[in-house]
Each structure stands twice: as structure tokens, then as C-alpha cells.
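Quick notes on the structure that follows.
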Amino acid sequence: MRILVIGSGGREHALVWKIAQSRLVDKIFCAPGNGGIAKIAECLDIRVEDTAKLLEFARKEKIDLTVVGPEAPLALGIVDEFKNYGLKIFGPTRKAASLEASKVFAKELMAKYKVPTAAFKICEDMREAYNYIDEIGAPCVVKADGLAAGKGVVVAKSNDEAKKAVSTMMHDKIFGDAGNKVIIEECLFGQEASILVITDSKEVIALASSQDHKSVFDYDEGPNTGGMGAYSPAPIVTSVLFKDILEKIVYRTIDGLAKEGIDYHGVLYAGVMITRDGPKTLEFNVRFGDPETEAILPRLKSDLVEIMLAVSEGRLSGVRTLRWDSRACVCVVCASGGYPGNYEKGKEIFGLEEAAKLPDIVVFHAGTQLKDNKIVTSGGRVLGVTGLGNTVKEAIDKTYQAVEKVSFEGMHFRRDIGQKALKTTGIL
Ligand code: AMP
Ligand code: GLY
């Protein structure tokens, strides 16, 4: 089979790495890819939003299956376009992608189908938003309706901070039309977990649980990022809790969508807060998480291509269960100096081979580029150093030993990835 993967991050490197292990696959292309992906796939100079060029390429090159990494092409309707031409593609349609592309859509669906989530109000103008902030009081959460590259959520500690967030979204339009409507919601407390499932709307197969680390600094301090590290499994998600999340959040959402006439195909990612009142939905993503995927896929023993193919052909019921490596996996993101704010690019990365030589370690590339035979930085999140261990503690230790081998000017990373798992299991 000939596979096309769309995207250029650590998630896509993990996908390409896993896809390359499939006995079904002869050749992988990646658009646009990165410095690490270039070693196992042919990278194409096509932007992820350029649906027309991607379609042209897939038709010309007789691609058997296309796998979409990021949300932007899904929200633009790449799946609908490919399906119109009879091409197989893994991911939800434009309408189904509204679950991530419009938080208003997601919240209304959750309310209608009784999916547990934070109490909220959809606000169409600033006055309405300010009034609701005064009514519920801080802490509260302000969310832009549309896609905002992971930056559209502000957890406000004071009413003033919440109102300022509303004003930057609705008045200053920092996210453009994505801020035409905002959601003000109740602040939830607890530990977060990421639950990803693969579905063809009829059948749902859960992937292993995981946990992201969104804040830039240790102990969840500082601004939110795309994710500074992850581990899998998340011990906070006991088997009883996992079942509860699937029943109350995942199945209700997929069934709700079906009742609205929307068949969901692909990965559905539920960001969940484990509160004292049970699990509540923070958000939905319509794709694999990043960096969760880097921590999940090294544990997956089954052939991912077989599963994705089954979804794109609507026959997931034929795929029984997935086989998992029982070991724990930890991914530590190494980021550019200044990230998630401004940062410089083009810094040479050292020590990649030494790190990769260590047992049970794989270094996924995110923002990297191959330039004059050297790997240089080209993004905010640069590498996802990933390790497997018999226990979370062992996985953490092995991964950080590998992190010590890599370096580039300005590199920073969190030193506490996985600590919550140790606390949950009583080791800390
Ligand atoms: P989202 O993009 O919706 O996942 O939000 C990004 C992050 O903001 C989440 O991972 C949480 O850390 C935080 N967040 C979102 N909604 C809430 C909420 N209702 N209460 C507390 N934290 C939240
Ligand atoms: N790790 C969070 C996300 O993929 O959106």
C-alpha cells in the first residue's frame, strides 16, 4: 500500500514511524513532514491546508490511504473532498470536525445528549459575556468558539482577567472570526486525562489512556502550550473510570452525532477532567493528540494501518481488540527558547543519534528540518524524546537520560513529566 500522512509535528512522526512497521505498507509520503520523518518517508512540499494539491497528488500517485494529522485540513473538509473522488482517507468529515472547530457546536451537542461537561453560556456579544462573568464570578473559563491554534482558552483567576480575555477575543479579534462568539464556563478542578478512541460510528475501539502536560513550566505553572510531554497509561483512569468515560462521554457523543445525521469516522479525542463529581468533558479533538500520540503508539502492538483501513471502509466491527505493550511510555518535549512565545529557528540539534541508541528510546521530531545535512530547529516544539519502561518510574528515568544527550541553543523542557502518575500510584 501507498500511504500519505498529512502534517509535520511529533504526532505525525509517531504516525509515520508506526505506519512504517505495518506489513501492508510499501511506501509512505508525508506532506510536509519534518527532518525526522524525512528518514522514513518521502516528504512533499505541500501545505496541510492545500486540499487541492493534496488531492491532486493522491490521485496521481494512486495513494491507497491518507491519514490526516492536524485539525485544520479536517475543518476545511479534506475528507469530504477525498471521498468525493473515491479515495480512502482516515478522519472525520467537515461537519463532524465541527466538534473541535466550533466549541459552540460541541457544547450544544453535549447539552442536548447529556454528556457531562462544565456549566456554560454561549455569548454573542461582550455585554452578555461580562454579565455572565459577574453572575458566576471567577475563577471561570473563557473560550473562543473557533480554532485558535490551542490558544483560545483562558482560565481566568479574576473577573477582570476574564473580561479582558473576552475583549481580546471579541473586540481586538486576536483570533479573527474564531472569536465572534465566546463561551464562558464554570472552572473545573481535578486531574486531566486524554481518552482517544477510533471509531467508524458503529464500532468504537479505545486506545490506551494518557495524560498531557499543557503548561510550559514544571508543576503546571506558566502559560498553556500545545503540550510539553505525555505518558501512557494514565493510572488515574482506573478501568471503572475508563468505562464510565466511554459510556457517559464517548458513546453518548458518537450516538448524538449519529442522531444529528453525522457519522463520525476517525479518532475522537475527549479531553476529560476527573472531578469529585465524576468525569467531565473539557473539549473534543477530532484527531490524534500531540504529544499523547507519541506516548500511545509505542505501546500499540497491533497494526495501525489495518485499523485505519477498516475505519475508512466502515468495517471496524471486524477488528476485535487491540494488543498493547503493558510497559509505560513517557514523552518529554524539548522546546525552543521562548516557546510558547516568540522563538528563533535554525539552531543545530546535537546528540540525536546518541539518544536514539539508548534501549527503548525513540526520538520523535516535531519542529525540525534537514538543512545542509544537519538537523536544525524549525518550530516551537522541537523533539519528543520518548521511552518505555517496566514501570512509569523506569520510563521516566530512561527518557530523561535520553533527554540529557540532546541539545540545541535555548532548549528547554519540563522536568516533571510523569510525576502525577507516580503520585497517583503512591510512589511519590
Ligand atoms: P481546551 O483547548 O478546551 O482543551 O482547553 C485547554 C486547557 O484549558 C484544558 O486542557 C484545561 O487545562 C483548561 N480548561 C479548559 N476548560 C476548562 C474548565 N472548564 N475548567 C478548568 N480548566 C479548563
Ligand atoms: N495535546 C493536546 C492536543 O493535542 O490538543
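The values are calculated or read from the model by the stated rules, or taken from the named source; none is laboratory data. Model, not experiment: these values are computed from the prediction. Don't worry about glycine lacking a Cβ; one is built from the backbone with ideal geometry, like all the others, and counts go over all protein chains shown. Please note that ligands, DNA and RNA were not included when accessible areas were found on the heavy atoms of the full protein model with its side chains. Shrake-Rupley method; radii C 1.70, N 1.55, O 1.52, S 1.80 Å.
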### Query
Ala234: open to solvent by less than 10 Å² (accessible area, probe 1.4 Å), outside any strand (DSSP E or B), touching a residue at least 12 places away in the same chain (Cβ under 8 Å) and within 16 Å of ligand 2 (Cβ to nearest atom), yes or no?
yes
### Query
In region 275-314, what residues are more than 16 Å from ligand 1 (Cβ to nearest atom), assigned to a loop (DSSP other than H, G, I, E, B), modelled with pLDDT of 95 or more and not small (Gly, Ala, Ser)?
Lys301, Asp303
### Message
List the residue pairs whose Cβ atoms are under 8 Å apart, where the first residue sits in region 89-115 and is among the β-branched types (Val, Ile, Thr), the second is crowded, with 22+ Cβ neighbours inside 10 Å and at pLDDT below 95, and the two are 6 or more positions apart or on different chains.
### Response
Ile89/Ser312
### Query
Are any of the residues in region 5-17 within 19 Å of Leu352 (Cβ to Cβ) and surrounded by fewer than 24 Cβ atoms within 10 Å (Cβ to Cβ)?
yes
### Message
surrounded by fewer than 23 Cβ atoms within 10 Å (Cβ to Cβ) and within 16 Å of ligand 2 (Cβ to nearest atom): which single residue out of Lys214, Lys173, Lys163, Lys202 fits that description?
### Response
Lys214
### Task
Identify all residues within region 207-222 that are within 11 Å of ligand 1 (Cβ to nearest atom) and touching a residue at least 12 places away in the same chain (Cβ under 8 Å); write none if there are none.
Gln211, Asp212, His213, Lys214, Ser215
### Message
Quick check on my filter: what residues within region 254-268 are over 17 Å from Leu316 (Cβ atoms) and surrounded by 23 or more Cβ atoms within 10 Å (Cβ to Cβ)?
### Response
none
### Query
Just for region 389-412: of the residues that are open to solvent by 20 Å² or more (accessible area, probe 1.4 Å) and in contact with a helix residue (DSSP H, G or I) (Cβ under 6 Å, 6 or more places away or on another chain), which one is nearest to Glu294 (Cα to Cα)?
Val392
### Message
Of everything in region 28-51, what is farther than 18 Å from Lys374 by Cα and more than 22 Å from the chain's Cα centre (by Cα)? Give them in sequence order.
### Response
Leu44, Asp45
### Selection count, region 315-363, where residues are in a helix (DSSP H, G or I) and either open to solvent by 50 Å² or more (accessible area, probe 1.4 Å) or modelled with pLDDT under 95 (or both)
7
### Message
So in region 99-115, with the set limited to residues that are more than 16 Å from ligand 2 (Cβ to nearest atom) and open to solvent by less than 30 Å² (accessible area, probe 1.4 Å), which one is nearest to Lys248 (Cα to Cα)?
### Response
Val115
### Looking only at region 116-172, and only at residues there that are farther than 29 Å from Ile249 by Cα and assigned to a loop (DSSP other than H, G, I, E, B), the one that is nearest to ligand 1 (Cβ to nearest atom)
Ser158
### Query
When you look at Thr293, is it among the β-branched types (Val, Ile, Thr), open to solvent by 50 Å² or more (accessible area, probe 1.4 Å) and in contact with a strand residue (DSSP E or B) (Cβ under 9 Å, 6 or more places away or on another chain), yes or no?
no
### Message
Among the residues in region 18-32, are any open to solvent by less than 70 Å² (accessible area, probe 1.4 Å), assigned to a helix (DSSP H, G or I) and within 30 Å of Val142 (Cα to Cα)?
### Response
no
### Lys259 of a type in the set (Lys, Arg) and either more than 30 Å from Arg2 (Cβ to Cβ) or under 19 Å from the mean Cα position of the chain (by Cα) (or both)
yes
### Query
If a residue has to be more than 16 Å from ligand 1 (Cβ to nearest atom) and either at pLDDT below 95 or charged (D, E, K, R) (or both) to count, how many in region 177-199 make the cut?
1
### Query
Hey, among Tyr113, Tyr130, which residue is at pLDDT 95 or above, hydroxyl-bearing (Ser, Thr, Tyr) and within 25 Å of the chain's Cα centre (by Cα)?
Tyr113
## Note on the structure
The condition of being over 26 Å from Gly10 (Cβ atoms), among the aliphatic types (A, V, I, L, M) and touching a strand residue (DSSP E or B) at 6+ places or on another chain (Cβ under 9 Å) holds, among Val154, Val204, Val166, only for Val166
